[in-house]
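The values are calculated or read from the model by the stated rules, or taken from the named source; none is laboratory data. Source: prediction; values computed, not measured. With ideal geometry, Cβ positions are generated from the backbone for all residues, glycine too; neighbour counts draw on all protein chains shown. Side chains included, ligands, DNA and RNA excluded: accessible areas come from the protein's heavy atoms. Shrake-Rupley method; radii C 1.70, N 1.55, O 1.52, S 1.80 Å.
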Amino acid sequence: MLADFQFHHIGIAVKDIKATSAIYEGGGYKPSTIIYDPIQNVDICWLTKDDSPTLELLAPVNENSPVNKILEKNGVSPYHTCYVVKDIQEAISELRKQKYVMISKPAEAVAFKGSKVAFLFNKNVGLIELVETPAEIID
């Protein structure tokens, strides 16, 4: 990937945010409040811990959530990595040259204040999320 991508978080598909969060809390992670993302039809909870990767728990709200397919296929599991980029359009252009496929076009991010996000897929990397700076988490 591009050298100027900054790792941000690991996204984990879950059935029950509170049940999964409790396990991570036992390991020292601190949860955010749960927020609703109507674009993806998911509830989101951020888990943070000093000197550890940030985790994003995503639970489907209804049958229209794309997270349902992940849960049906893999159960509770990590399914994307997220990177912060300065210019989302430029990053997408570069990734498409590297055979990444656009899964979702840039759109306003509910979980990030004033940022856009996009999802791309590559068979050798999996699903990645790009967040355009600033990438301030809503909690």
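Considering only segment 55-81, state which residues are of a type in the set (Val, Ile, Thr), closer than 25 Å to Gln6 by Cβ and either in contact (Cβ under 8 Å) with a residue 60 or more places away in the chain or surrounded by fewer than 17 Cβ atoms within 10 Å (Cβ to Cβ) (or both). Thr81 - this is the single residue of segment 55-81 that is of a type in the set (Val, Ile, Thr), closer than 25 Å to Gln6 by Cβ and either in contact (Cβ under 8 Å) with a residue 60 or more places away in the chain or surrounded by fewer than 17 Cβ atoms within 10 Å (Cβ to Cβ) (or both). Scanning segment 9-54 for residues that are in contact with a Phe, Trp or Tyr (Cβ under 6 Å, 6 or more places away or on another chain) and either open to solvent by 60 Å² or more (accessible area, probe 1.4 Å) or modelled with pLDDT under 95 (or both) returns a single hit, Lys49. For segment 121-138, indicate whether the set of residues that are within 16 Å of the chain's Cα centre (by Cα), assigned to a strand (DSSP E or B), farther than 28 Å from Asp16 by Cα and of a type in the set (A, V, I, L, M) is non-empty. No, that holds for no residue.
The residue that is nearest to Leu47 (Cα to Cα), among those in segment 90-121 that are among the polar types (S, T, N, Q) and surrounded by 13 or more Cβ atoms within 10 Å (Cβ to Cβ), is Ser115.
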